[in-house]
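S.K.: To start, I am sharing the structure in question, which I have written as structure tokens.
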Amino acid sequence: MIAAGEVRELADNFGIDAIRITHALPNPTTLSRMYQQRDEGFFFNSRRLSNPDLESFCDVRSKLANARSIITACECYLTDEPVDNSKPGNPHGRIARYTWRNHYRDLKNRLKRLAVLLKEKYHAHSLVYSNGPVAEKPLAQQSGIGYYGKHGIIIHPKYGSWIVLGEIVTDIDIEKDAALDIDCGGCQKCIDACPTGAIVRPYILDRRRCIQALTNWHGVIDDDIAAVWENRLYGCTRCQEVCPQNERVIPMPVRTDIGNVGASMPLIDFLDMDETEYRTQYKDNQMTRPWIRFPAIQRNALLCLGHLPDREAPPILKTYLKSPDPVLAQTAGWALSRIAHG
């Protein structure tokens, strides 16, 4: 058996913030929890989530049949960068911190280099993921990368919840780490602060009300959620901003330029471009992942304009009233009404 410390020493060569090891067995606890959340309707298109889909998600051996170990990893994305790029007369929408740059791809690249070294040193066969088709957060929890916050996000003892996760699924036997014996105690600041009440109970999120999830989904946003949307073009980190564990995290220097978009982006630009321009201009950022529809981003931009009364907003909103996309047309109408009524 390979010592976990030996793997961590190898990982140090690639600047990976934290490495832990867990087993490659199925996770029936996570599977049961996902069945329950699906049956309660807390996912988009819950009826389409079949048992085989969920079972595969919770069993890495569906990807690598002879998997024996999972190397879990994280990268801190709290960087010491300016938090606002907006200028008067050029309304901007906020971008969630994890999307300022593509830390997922950066971590995956680092893990790929580690996997090459594992192959050379131990003849390991491996698969590498970050934001991939595996149950990343449960794997991070059981390996001790961090523990679950009541917002359902993994909290690392040093980096808080400002982390992206990644994994190497491998066929070599590595010494396993233990889960952390830590939790949030009586704190529920994240639950109280969620603008839409999406954290329905500790650790359980109704994605149909979560602004972070909704920024990826194309559909009409309910009025009560639209009213608290503010100028969020992509993502939401309100639950993380109020977390006491995040207050003491020291911002990191910038380590990657992959997918760099910054803290905010000009809204009119998004509404003037077509999908080809969008996917070309931002091809390395998470916002252009294949399953994220460009009209969802445009709808977000329209919602933002409704919260940012600006002389540039009404003309383009009136143009979108005539959009053949009923979601965009209805959202433009909502934004104009909000501006008109202050």
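S.K.: Among the residues of the range 286-301, which ones are modelled with pLDDT of 95 or more and over 16 Å from Asp274 (Cβ atoms)?
M.R.: Once the filter is applied, which keeps residues that are modelled with pLDDT of 95 or more and over 16 Å from Asp274 (Cβ atoms), the range 286-301 yields only Asn300.
S.K.: Okay, next question. Where residues in the range 289-310 are surrounded by fewer than 22 Cβ atoms within 10 Å (Cβ to Cβ), of a type in the set (A, V, I, L, M, F, W, C) and out of contact with any Lys or Arg (no Cβ under 9 Å at 6 or more places or on another chain), which of them is nearest to Val220 (Cα to Cα)? Working first, answer last.
M.R.: At the first step, the residues of the range 289-310 found to be surrounded by fewer than 22 Cβ atoms within 10 Å (Cβ to Cβ) are 289-296, 307-310.
Now drop any that are not of a type in the set (A, V, I, L, M, F, W, C), which leaves 291-292, 294, 296, 308.
If we keep only those that are out of contact with any Lys or Arg (no Cβ under 9 Å at 6 or more places or on another chain) too, we end up with 291-292, 296, 308.
Numbers: Trp291: 18, Ile292: 15, Ala296: 9, Leu308: 19 Å.
Here the answer is Ala296.
S.K.: Every residue in the range 252-275 that is part of a loop (DSSP other than H, G, I, E, B) and closer than 29 Å to Ala335 by Cα, please.
M.R.: Asn260, Val261, Gly262, Ala263, Met273, Asp274
S.K.: Moving on. Answer yes if at least one residue in the range 297-311 is outside any helix (DSSP H, G or I) and either touching a helix residue (DSSP H, G or I) at 6+ places or on another chain (Cβ under 8 Å) or of a type in the set (Gly, Ala, Ser) (or both), and no otherwise.
M.R.: Our first condition is that a residue be outside any helix (DSSP H, G or I); within the range 297-311, this holds for 308-311.
Those still in the list that are either touching a helix residue (DSSP H, G or I) at 6+ places or on another chain (Cβ under 8 Å) or of a type in the set (Gly, Ala, Ser) (or both) too: 308-309.
Yes, the conditions are met somewhere in the range 297-311.
S.K.: Given the residues Gly15, Gly5, which is the only one that is assigned to a loop (DSSP other than H, G, I, E, B) and farther than 25 Å from Pro202 by Cα?
M.R.: Values: Gly5 fails: assigned to a loop (DSSP other than H, G, I, E, B).
Selected residue: Gly15, the only one of Gly15, Gly5 that is assigned to a loop (DSSP other than H, G, I, E, B) and farther than 25 Å from Pro202 by Cα.
S.K.: If you check Gly152, Gly262, which single one turns out to be under 15 Å from the mean Cα position of the chain (by Cα) and on the phi > 0 side of the Ramachandran plot? Write out each step before concluding.
M.R.: On the way: Gly262 fails: under 15 Å from the mean Cα position of the chain (by Cα).
Exactly one residue qualifies, and that residue is Gly152.
S.K.: Looking for whichever is outside any helix (DSSP H, G or I) and assigned by TED's automatic domain parsing to the domain that holds Glu120 here; the options are Gly219, Gly166, Gly197. Which one fits?
M.R.: On the way: Gly219 fails: assigned by TED's automatic domain parsing to the domain that holds Glu120; Gly197 fails: assigned by TED's automatic domain parsing to the domain that holds Glu120.
Unique residue meeting the criteria: Gly166.
S.K.: Which one of these is in contact (Cβ under 8 Å) with a residue 40 or more places away in the chain, of a type in the set (Lys, Arg) and touching a Lys or Arg at 6+ places or on another chain (Cβ under 6 Å): Arg101, Arg94? Before the answer, list the steps.
M.R.: Numbers: Arg101 fails: touching a Lys or Arg at 6+ places or on another chain (Cβ under 6 Å).
It is Arg94.
S.K.: Search the range 259-283 for residues that are more than 22 Å from Pro314 (Cβ to Cβ) and pair each with any residue that is assigned to a helix (DSSP H, G or I) when their beta-carbon atoms are under 6 Å apart and the residues are at least 6 apart or on different chains.
M.R.: Listed by first residue and then by second, the contacts come to Glu275/Phe294; Tyr278/Phe294; Arg279/Thr288; Tyr282/Thr288.
S.K.: Among the hydrophobic types (A, V, I, L, M, F, W, C), over 18 Å from Ala96 (Cβ atoms) and exposed (fewer than 15 other Cβ atoms within 10 Å of the Cβ): which single residue out of Ala340, Ala313, Ala335 fits that description? If you could, list the steps in order and put the result at the bottom.
M.R.: Values: Ala313 fails: exposed (fewer than 15 other Cβ atoms within 10 Å of the Cβ); Ala335 fails: exposed (fewer than 15 other Cβ atoms within 10 Å of the Cβ).
Just one listed residue meets the conditions, Ala340.
The values are calculated or read from the model by the stated rules, or taken from the named source; none is laboratory data. This one's a predicted model, so the numbers in the text were calculated from it and none came from an experiment. Note that each Cβ is placed from the backbone with ideal geometry, even for glycine, and that neighbours are counted across all protein chains shown.
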